[in-house]
Amino acid sequence: MDFEFRDTPKLAKFRKEVRAWLDLNMPMDFEIPDNPHDVLPHSAKYEFILKARHALGAKGWLAPTWPKEYGGGGLSMEEAAIVEGEVAQRPWSRFGVGDFFPSTITQFGVQIYAIGTEEQKKRFLPPILKGEIIRWNGSTEPDCGSDLAAVKTTAIRDGDEYVVNGTKVWLGTQYDNADYIQLIAVTDPKAARHHNIGLFCVPVGLPGISKVRLPMIRNCHTSGWQMFFDNVRVPVEYLIGGHENATNAWRVLSTATRFPQPNMGWSVRDRNQEFVLDYVRKTKRDGQLLSQDPDVREALVETEIQLEINRLFGMRQNWIAMTGKRLVGYEATQATLQGKVTTATQAEAYADILGPAALIKDPEWALFDGNIEYKHFAPVAMASAGITQEVSKMIMTRWACRVGD
Amino acid sequence: MVDLALSEAQEIIKRTAHDFVEREFPAPLAIEVNESEKGFSPELWRKMADLGWVGMILPEAYGGTGSSFVDMAVIFQELGWAALPSPLLSSGVLCGLTISEGGTEQQKKRLLPSIAKGQRILALALTEPDYGWGPETVKLTAKAKNGKFVLNGTKRYIPDVHIADQCICVARTSQGADPQEGITLFLVDKSAQGLSCRDMSAGAQIGEKLNELAFDSVEVDHSAVIGEVDKGWQVLSPVLEKATPVLCAYMVGGIQRAWEMAVSYINTREAFGRTIGSFERIQDHVIEIVNALDSARWTTYEALWKIDEQKPGITKSVTLAKIVSSEGYRKAVDLTSRIHGAAGVDTRFVLYQYIKKSRSFYHYLGGPMALRKRMAHLLFND
Ligand SMILES: Cc1cc2nc3c(=O)[nH]c(=O)nc-3n(C[C@H](O)[C@H](O)[C@H](O)COP(=O)(O)OP(=O)(O)OC[C@H]3O[C@@H](n4cnc5c(N)ncnc54)[C@H](O)[C@@H]3O)c2cc1C
C-alpha cells in the first residue's frame, strides 16, 4: 500500500513545467473569495477567472486525460493528477476555475462522447473541453428532480426538427452566460419509462425559450433559473446521437466518467478548518485560550475526523479513476454523501465555537473574509444539489445492503 | 395534580394570537417584513401593543396586565409560528422586567406605561466583542466624573436597538475578584452624544438584525442608573433567566411550523410514483422534527411554570430548555429543507425565514456550547 502520490523523475520534471507555466500565465495578486456570489458578473475577478479558464482550456488542461483530437490534453492519469493538484494549490481554483460548471466536461462531455455522432463530437467536444462554451444542465422540472425518468418536457419529432415544450428549474448560475442547455426530454410519450428520453444540446438563442430567476439560499454555485420552452424548434443536429438515439439517452444520463478527472482536491487542507484552528489557538474567551476549552477541542476533533474521512474517500476515488479499479459500486455516491455530511458538520461546529460572528458577512466584522458565513449556509443550499442525501442512500443500498443477493 | 393542558383563559389567548398572526401576518408578509431594511413593521407593533401584548408581564400598577410567563409564552409561540419579528422580547420582556424589578418608583412610573403601550421601545445592550452572556464578558466601562458617568466601549450583536428609543447598557463600574460585582445598568438615549449604532448584519443571511453600539465617552446622569451602582448583575441575571424560556417558546412555534410544512409537503410531493411520505427515510426525518418539537415544548413550558410558581431548579430547567430549543429548531428547519429538495432552499418560500431565525436565535441569550458547560456545573455542583 502507498498513501502518497510520489513523482518519478519524469513526473517531477513535468510538475516543474506545470508550475512555471501557471506562474507565468496566471499570476495573481488578489484573493478570489470562496463564495461565488461575491464575484460579480463582469467584474475584474470574473474576467480573470474566465481568462484563466480559457488559458487552461487552450492547453487542454481542463480535460487533461481526454484525447487531443477532441480538445483534451492527451495526458496520462499521473500527469493529469499533477496538473489538477497544482491548479488546486492556486487560490483562484477554489472558484471552480476549470469551468463555471466542471460538469460540462465530466458529465455532458462524456455523454456526447458516448452517444454523439462523429460530427457532433467534432463540433461540440473541442469548445466544451477548451472551456469556450458554457452549458447549463436542464434536467430537473417542477414536478420531478430525484426521479428524472419522470420528466414531462416533450420533444416531438416534426421532420428534421424536434418541437420542445416544457419547463426546467434550478439550472444555471447567477452569471447569465449559457450558450447551450443540456436538455433531457420525452421524445416518445407512448414508449416505456427509460426508453423514451432523448438528450439535446439546445442553443439558448432559439425562439420560444425564456427564463426567470429562481432565488435560492445564497452561497451555492448554482443559484438558478427557471426556463420555459414554448414550441421551441430544435434541429436534429442538436439531438445527441441523432434520430437513432432519440429514445436512447437514459443509459448515459448517469454514466460513470469515461475520462476521469483526477480530483486532487483531497491533497489540499480545508481552508476553513485551518482558519478556525488558527483562530482558537489565538483567541481568548473569559481569559482562556479557546483551544484549551475541552468542548471546542471536541468539536474540532469531530470536524477533523469528518474531513479526514472525506479526504480518504476522495483519495480512493482518485485511485479508482487512476487504476480503472472496479470496486463494489457505491463508492462515488458514498464520497458525495460524505462531502455533504462533512460540510454540514463543519458549519455546525464553527457556529458553536464562533458564536454569532459565524453569521456576519460585513467586511468589517466577518470572520475569514466572510468565508465562515459562506460555509454556514452552503451545506443547506447544497444538500439537494445534484443528488439528495436520501437518494444517495437509496443508490448505495443496492450495493451496500445486497438486498435480494 | 399533574395537568399539562393550558387553562381555558390561556386557550383563548392562544386562539386570539393564532388568529391574529394568520390574519395579519400571512407568509408573503412574513417574507416582506423580515427582508425589509429594518426587519420590523411599526403597524403590526402598534396592533400588538393595542392587544396588550407588550405590557403583559409588567405590573398592572404601571400599565401592564401582570399576566404569567406561561401566558406570555403562549403568545410568543404563535409569533414564532408566524416568524413575526418585533422588539417584544427586548422591550416588553428584557428591558421592561429589568426596570420593573430594579428601577426606582420614579423610573417605573416614567418608563413602564409607555413601554407597555409600545410607544417607547427599549433594547438590551449586553454582549460585547468577546461574546457571551455571563458577567465576565462585560468590559464596557462607566467611570464617575463630575457627578456623571462616562461610558466607553463596544456592544455587539445587539438586536432591536436600531429601532429602539433607548437602550439599557450593561457596564462595568468596578472590577473585583467576582465578575458579578461591579456591574451597573444604565438607561441611555439612542441620541446620546458619542453613541453610534451600526448594522452588523448587512449582506448576511440573518434572521434578526444585529447591531454594533459604540460608546465613545457617552455621558449619563446618575438618574440613568437602574438599580444600584455595582449591583446591576443581581437585577439583570434573573431577568435573563426568565426571558430565556419566553424566547424558547418562539422557537417552539417555529419548529411547529416547520413540522406543518414538512407534513403538508410529504403528502403531496411525488417521486418514483409515490408520495415521498411513503419513504421511510423521509418518515424518519419527520419523526425527528416531531421529537425536536415536543422536547423543546415540554422543557420550555416546565421552565416557564417553575418561574410562574417560583419553584426550585429554575436555572437548570431554563438551561435545559434553551439547549433543547436551540438545537431542535436548527435541526427541524434543516430537515424540513431537505425534505423539500431544491424547493427547500428557494428564498421565496417562507421556510427560508425560519432557517435564518433558527441560526439567529441559536446563540441568543446563550448558545448550547456555553449552556452545556453551565449544565455540567449544575450537575457536578462545581
Ligand atoms: C444548489 C442547487 C443547484 C442545482 N442545480 C441544478 C442544475 O443545474 N440543473 C438541474 O437540472 N437541477 C439542478 N438542481 C436540482 C437538483 O438536481 C434537485 O433538487 C435534486 O435532484 C432533487 O430533486 P427535487 O428538488 O425535485 O426533490 P424531490 O426529488 O422532489 O425530493 C423531495 C424529497 O424526497 C426525497 N426522495 C425522493 N425520492 C426518494 C426515495 N426514493 N427515497 C427516499 N427519499 C426520496 C428526496 O431526498 C427529498 O428529500 C439543483 C439543486 C440545488 C439545491
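Every read-out reported here was derived from the displayed coordinates using simple, explicitly stated rules and does not represent laboratory data. Not measured: the values here are computed from a predicted model. Reconstructed Cβ throughout: ideal geometry from the backbone, glycine too, with neighbour counts over all protein chains shown.
Screening residue B:181 with (1) within 14 Å of chain A (Cβ to nearest Cβ); (2) on the phi < 0 side of the Ramachandran plot; (3) in contact with a Pro (Cβ under 9 Å, 6 or more places away or on another chain) gives one miss only, at (1). Within the stretch B:112-141, the residues that satisfy the criterion of being part of a helix (DSSP H, G or I) and either buried (at least 22 other Cβ atoms within 10 Å of the Cβ) or within 14 Å of another protein chain (Cβ to nearest Cβ) (or both) are B:112, B:115, B:116, B:135, B:136, B:137. Residues in the stretch A:356-400 that are in a helix (DSSP H, G or I) and among the polar types (S, T, N, Q): A:371, A:389, A:392, A:397. Scanning the stretch B:323-340 for residues that are at the interface with chain A (Cβ under 7 Å from one of its Cβ atoms) and either acidic (Asp, Glu) or crowded, with 24+ Cβ neighbours inside 10 Å (or both) returns B:334, B:337. Among the residues of the stretch A:355-394, those identified as in contact (Cβ under 8 Å) with a residue 24 or more places away in the chain, surrounded by fewer than 24 Cβ atoms within 10 Å (Cβ to Cβ), at negative phi and more than 16 Å from the ligand (Cβ to nearest atom) are A:367, A:371.
If you check B:251, B:261 for being within 16 Å of the ligand (Cβ to nearest atom), part of a helix (DSSP H, G or I) and surrounded by 18 or more Cβ atoms within 10 Å (Cβ to Cβ), only one passes: B:261. Within the stretch A:194-208, the set of residues being surrounded by fewer than 19 Cβ atoms within 10 Å (Cβ to Cβ) and more than 15 Å from the ligand (Cβ to nearest atom) comprises A:194, A:195, A:203, A:205, A:206, A:207, A:208.
Scan the stretch B:296-318 and give yes if some residue there is more than 29 Å from residue B:137 (Cα to Cα), away from chain A (no Cβ under 12 Å) and within 16 Å of the ligand (Cβ to nearest atom), otherwise no. Within the stretch B:296-318, not a single residue is more than 29 Å from residue B:137 (Cα to Cα), away from chain A (no Cβ under 12 Å) and within 16 Å of the ligand (Cβ to nearest atom).
Taking the stretch A:116-178 as the region of interest, the strands (runs of 3 or more DSSP E) fully inside it that hold 1 or more residues being within 11 Å of the ligand (Cβ to nearest atom) are A:135-138, A:161-171.
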